[in-house]
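Chemist: First, the structure itself, so that you have it in front of you.
The values are calculated or read from the model by the stated rules, or taken from the named source; none is laboratory data. These numbers were taken from a predicted model, which means no experiment stands behind them. Virtual Cβ from ideal backbone geometry, glycine too; neighbours counted across all protein chains shown.
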Amino acid sequence: MLTPERQLIILSLLKDKGVVKLQELIEETNASESTIRRDLIQLEEQRKLKRVHGGASLLQGKRTEPSLSEKSFKNLQDKINIAKAAASFIQDGDSIFLDAGTTTQQMISFLEQKKLTVVTNGITLVEPLLEKGITTYLLGGMVKGSTRAIIGRSALDTLKTYRFDKCFIGTNGVDVDFGYTTPDPEEALIKQVAFELSQEGYVLADQSKIGEVSFSKIADLEEAVLVTNQDSENIQNYQQHTSIKVVTT
């Protein structure tokens, strides 16, 4: 079977299923494992798919954004592990920005530092922060229904009055060429400014975000420390572009 024909079969299976395993591709094409792996590498370089552990998946749409409830249960254990690692970078007395998001929300249960001050644009983060007795500031502005993030000019103006030791930001995409991206330009702007106002910036991204590109750019890779888990096959490609904290448990 010629390479173009084999790769068309791979893309067709992905279109039907969203995710396919390496063994399934081998059986469908009657090709060797090494041949299929080369095909996947080529197709990934052409931005037609994303390699994942044991196979491949479709890339997300540039404006595709799951709802908060959908995000909450996706890759939950990965998010918990990443959140725990991220929380360990905070010191007593820090003033931090916590982005609206499911991974940043998971950080809260691990915050045991003294005299913390947290600013957030995430409505769902407020109650857990208050239950921990943490001094909390919520930005004012328009509430985005799907993510419960506060966005808009008012939120941006308020955010600019603060300065942070550290910020912790969620993202929908992490890519060597396009950096950190997210579907909504207004959310991207909040994240951008939080980076600018912080001495240290951290991006929290589970393996499903690696290799994805969304509509709106947040920052270049080198502008933040990437906190992610170890399951991504191509994470080593990112290590020459940014500092990475790889979570192994």
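Chemist: Going by the conditions given, is TYR162 modelled with pLDDT of 95 or more, in a loop (DSSP other than H, G, I, E, B) and either closer than 17 Å to LEU204 by Cα or not β-branched (Val, Ile, Thr) (or both)? Lay out the reasoning, then the answer.
Modeler: Details: modelled with pLDDT of 95 or more: yes; in a loop (DSSP other than H, G, I, E, B): yes; either closer than 17 Å to LEU204 by Cα or not β-branched (Val, Ile, Thr) (or both): yes.
Answer is yes for this residue.
Chemist: Six or more apart or on different chains, Cβ under 9 Å: which pairs go from a residue in the range 192-206 that's in the same structural domain as SER88 (by TED's automatic domain parsing) to one that's in a strand (DSSP E or B) and of a type in the set (Asp, Glu)? Could you list them?
Modeler: SER198/ASP165; GLN199/ASP165; GLU200/ASP165
Chemist: Test VAL119 against the stated conditions and say whether it is closer than 17 Å to THR102 by Cα, assigned by TED's automatic domain parsing to the domain that holds ILE96 and part of a helix (DSSP H, G or I). If you could, list the steps in order and put the result at the bottom.
Modeler: Details: closer than 17 Å to THR102 by Cα: yes; assigned by TED's automatic domain parsing to the domain that holds ILE96: yes; part of a helix (DSSP H, G or I): no.
It is false that VAL119 is closer than 17 Å to THR102 by Cα, assigned by TED's automatic domain parsing to the domain that holds ILE96 and part of a helix (DSSP H, G or I).
Chemist: How do the pairs read when you match residues in the range 88-112 that are among the charged types (D, E, K, R) with residues anywhere that are in a strand (DSSP E or B) and modelled with pLDDT of 95 or more, using Cβ under 7 Å and keeping only pairs 6 or more apart or on different chains?
Modeler: Sorted first by the residue in the range 88-112, then by its partner, the pairs are ASP94/ASP165; ASP94/LYS166; ASP99/GLY122; ASP99/PHE168; ASP99/ILE169; ASP99/GLY170.
Chemist: Next up: Can we say GLY93 is in contact with a helix residue (DSSP H, G or I) (Cβ under 7 Å, 6 or more places away or on another chain) and part of a loop (DSSP other than H, G, I, E, B)? Show your work before the answer.
Modeler: On the way: in contact with a helix residue (DSSP H, G or I) (Cβ under 7 Å, 6 or more places away or on another chain): no; part of a loop (DSSP other than H, G, I, E, B): yes.
Here the answer is no, as GLY93 does not meet what is asked.
Chemist: Hey, does the range 29-40 have a residue that's on the phi < 0 side of the Ramachandran plot, in contact (Cβ under 8 Å) with a residue 60 or more places away in the chain and either charged (D, E, K, R) or surrounded by fewer than 13 Cβ atoms within 10 Å (Cβ to Cβ) (or both)? Talk me through it step by step, then tell me what you get.
Modeler: The initial filter retains those residues of the range 29-40 that are on the phi < 0 side of the Ramachandran plot, namely 29, 31-40.
So of that shortlist, the ones also in contact (Cβ under 8 Å) with a residue 60 or more places away in the chain come out as none.
Checking the range 29-40: not a single residue is on the phi < 0 side of the Ramachandran plot, in contact (Cβ under 8 Å) with a residue 60 or more places away in the chain and either charged (D, E, K, R) or surrounded by fewer than 13 Cβ atoms within 10 Å (Cβ to Cβ) (or both).
Chemist: Go through the range 189-213 and give me each residue that's crowded, with 22+ Cβ neighbours inside 10 Å, under 13 Å from the mean Cα position of the chain (by Cα) and over 18 Å from ALA83 (Cβ atoms).
Modeler: Once the filter is applied, which keeps residues that are crowded, with 22+ Cβ neighbours inside 10 Å, under 13 Å from the mean Cα position of the chain (by Cα) and over 18 Å from ALA83 (Cβ atoms), the range 189-213 yields only GLY211.
Chemist: Now, a different point. Restricting the search to the range 1-13, which residues are farther than 25 Å from VAL176 by Cβ and part of a helix (DSSP H, G or I)?
Modeler: So the first thing to find is which residues in the range 1-13 are farther than 25 Å from VAL176 by Cβ, and the list is 1-2, 4-6, 8-9, 12-13.
Result: PRO4, GLU5, ARG6, LEU8, ILE9, SER12, LEU13.
Chemist: Picking from THR147, THR248, which residue would you name as being buried (at least 23 other Cβ atoms within 10 Å of the Cβ) and β-branched (Val, Ile, Thr)? Even if it seems obvious, please write down each step before you answer.
Modeler: Details: THR248 fails: buried (at least 23 other Cβ atoms within 10 Å of the Cβ).
Exactly one residue qualifies, and that residue is THR147.
Chemist: OK, next. Conditions: (1) at pLDDT 95 or above; (2) farther than 19 Å from PHE168 by Cα. THR135 meets all but one. Number of the miss?
Modeler: All conditions pass for THR135, except number (2).
Chemist: Same structure again: Which residues, taken from the range 59-87, are at pLDDT 80 or above and surrounded by 15 or more Cβ atoms within 10 Å (Cβ to Cβ)?
Modeler: Going through the range 59-87, the residues at pLDDT 80 or above turn out to be 76-87.
Residues satisfying the conditions are ASP78, LYS79, ILE80, ASN81, ILE82, ALA83, LYS84, ALA85, ALA86, ALA87.
Chemist: Pull up the range 165-182, narrow it to residues that are of a type outside the set (A, V, I, L, M) and in a loop (DSSP other than H, G, I, E, B), then point me to the one that is surrounded by the fewest Cβ atoms within 10 Å (Cβ to Cβ). Before you say what the answer is, go through the steps one by one.
Modeler: Step one: list which residues in the range 165-182 are of a type outside the set (A, V, I, L, M), which gives 165-168, 170-173, 175, 177-182.
Going one step further and asking which of them are in a loop (DSSP other than H, G, I, E, B), we end up with 171-172, 177-178.
Details: THR171: 24, ASN172: 27, ASP177: 9, PHE178: 15.
Top of the filtered list is ASP177.
Chemist: Pick from the range 113-132 the residues that are among the β-branched types (Val, Ile, Thr) and free of Cβ contacts under 8 Å to residues at least 24 places away in the same chain: which of them is farthest from GLY170 (Cα to Cα)?
Modeler: So the first thing to find is which residues in the range 113-132 are among the β-branched types (Val, Ile, Thr), and the list is 117-120, 123-124, 126.
Remaining after also requiring free of Cβ contacts under 8 Å to residues at least 24 places away in the same chain: 117-118, 120, 126.
Values: THR117: 19, VAL118: 16, THR120: 12, VAL126: 17 Å.
Among those residues, the one meeting the criterion is THR117.
Chemist: For residues that are touching a strand residue (DSSP E or B) at 6+ places or on another chain (Cβ under 7 Å), in contact (Cβ under 8 Å) with a residue 40 or more places away in the chain and farther than 22 Å from ASN75 by Cβ, tally how many sit in the range 11-28.
Modeler: So the answer is 0.
Chemist: Answer yes or no as to whether THR147 is at pLDDT below 95 and either among the charged types (D, E, K, R) or under 24 Å from LYS245 (Cα atoms) (or both). Walk me through it before giving the result.
Modeler: Working: at pLDDT below 95: yes; either among the charged types (D, E, K, R) or under 24 Å from LYS245 (Cα atoms) (or both): no.
Against the criterion (at pLDDT below 95 and either among the charged types (D, E, K, R) or under 24 Å from LYS245 (Cα atoms) (or both)), THR147 does not qualify.
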